[in-house]
Amino acid sequence: MPELPEVETVRRGLAPYFVGRRIERVTLRRDGLRFPFPEDMGQVLTGRRVLDLGRRAKFLLFELEGGAVLIAHLGMSGRFRVFDSERPPLDKHDHVVFELSGGHQVRYNDPRRFGLMDLVTDGRACEHPMLASLGPEPVFPALTGAQLAKRLAGRQGPIKSALLDQGVIAGVGNIYACEALFDSGISPRRRGRTVAGRRAERLAKAIGDVLEAAIEAGGSSLRDHRQPSGELGYFQHAFKVYGREGAACPRCGGGHAIKRIVQSGRSTFFCSACQR
């Protein structure tokens, strides 16, 4: 599933085509994705100018004139593609098609149909059920050690599981949790409540640094992620631990290998020698 860097990459790629443009037509080629589309979605969107394109955690927020907000989530395999006058035939998985006043067409393609689109018409997107309980953003502005320690206070479970809880921090997923824990030298098995003080400062900085580096690299393309231009992300080439079971630890050298364990049903990659 795309994590924060992939969604931010998509946001940056789409913004030049949407912001300031009018949605001239919306074609819904099915009744919904993970959930049904709002009955009047096409009608509400058509003719409205896009004032801004934001992001909250892993959600895209298309802010429209009149106070409406289109909320979109990419799910497991969703992606947006931008086309100009040269447009290939519609794919069977192109479920939503936007015609924009700049002459561009944007298609939302989702083979697994686990993404979603919903509308908020009163401008209160932050109160939407999927957004209301999210934790603070880890980048832009950066998460501080004090904020992180406060969110982790009383957490008896492992720190890795806490980082994946979107109510603790918004947008961090499995890949970047593994990488940030490695960079901060913290074991994924350590109890969340023990990550305080300098440990929390190291981890907060590592989370921000890893996410920003991934954004600049266009995200990580392991399966489905593509930028709106169709280009792959490249951060997967910079992984230090994720997916590298058995490889030499880049910090310890050849004497210790990266291990893999399963936590809360997800693979965790780490070095047991230098992560404490």
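The values are calculated or read from the model by the stated rules, or taken from the named source; none is laboratory data. Everything quoted here is computed from the prediction, not taken from an experiment. As a convention, Cβ positions derive from the backbone with ideal geometry for all residues, glycine included, and neighbour counts pool all protein chains shown.
Laid out as a table, the results:
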{"quantity": "When residues of segment 248-268 are limited to those that are surrounded by 14 or more Cβ atoms within 10 Å (Cβ to Cβ) and not in a strand (DSSP E or B), the one modelled with the highest pLDDT", "calculated": "Ile258"}
{"quantity": "Qualifying position, being surrounded by 19 or more Cβ atoms within 10 Å (Cβ to Cβ), over 17 Å from the mean Cα position of the chain (by Cα) and under 23 Å from Met130 (Cβ atoms), among Phe35, Phe80, Phe62, Phe98", "calculated": "Phe98"}
{"quantity": "Qualifying residue in segment 79-96 (condition: out of contact with any strand residue (DSSP E or B) (no Cβ under 6 Å at 6 or more places or on another chain), on the phi > 0 side of the Ramachandran plot and either at pLDDT below 95 or among the aliphatic types (A, V, I, L, M) (or both))", "calculated": "no"}
{"quantity": "Scan of segment 67-107 for residues that are assigned to a loop (DSSP other than H, G, I, E, B), farther than 17 Å from Ser229 by Cβ and touching a residue at least 40 places away in the same chain (Cβ under 8 Å), ordered by number", "calculated": "Gly67, Ala68, Gly75, Met76, Ser77, Leu90, Ser101"}
{"quantity": "Odd one out for Arg55, checked against (1) closer than 20 Å to Leu164 by Cα; (2) basic (Lys, Arg); (3) loosely packed, with under 15 Cβ neighbours inside 10 Å", "calculated": "(3)"}
{"quantity": "Qualifying residue in segment 194-216 (condition: in a loop (DSSP other than H, G, I, E, B) and crowded, with 19+ Cβ neighbours inside 10 Å)", "calculated": "yes"}
{"quantity": "Ala177 vs. criteria aliphatic (A, V, I, L, M) and surrounded by fewer than 21 Cβ atoms within 10 Å (Cβ to Cβ)", "calculated": "no"}
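Per-residue answers, yes or no, for (1) in a loop (DSSP other than H, G, I, E, B); (2) surrounded by 13 or more Cβ atoms within 10 Å (Cβ to Cβ); (3) of a type in the set (Lys, Arg):
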position: Gly123; (1), (2), (3): yes, yes, no
position: Pro129; (1), (2), (3): yes, no, no
position: Ser133; (1), (2), (3): yes, no, no
position: Pro136; (1), (2), (3): yes, yes, no
position: Leu148; (1), (2), (3): no, yes, no
position: Arg151; (1), (2), (3): no, yes, yes
position: Ala162; (1), (2), (3): no, yes, no
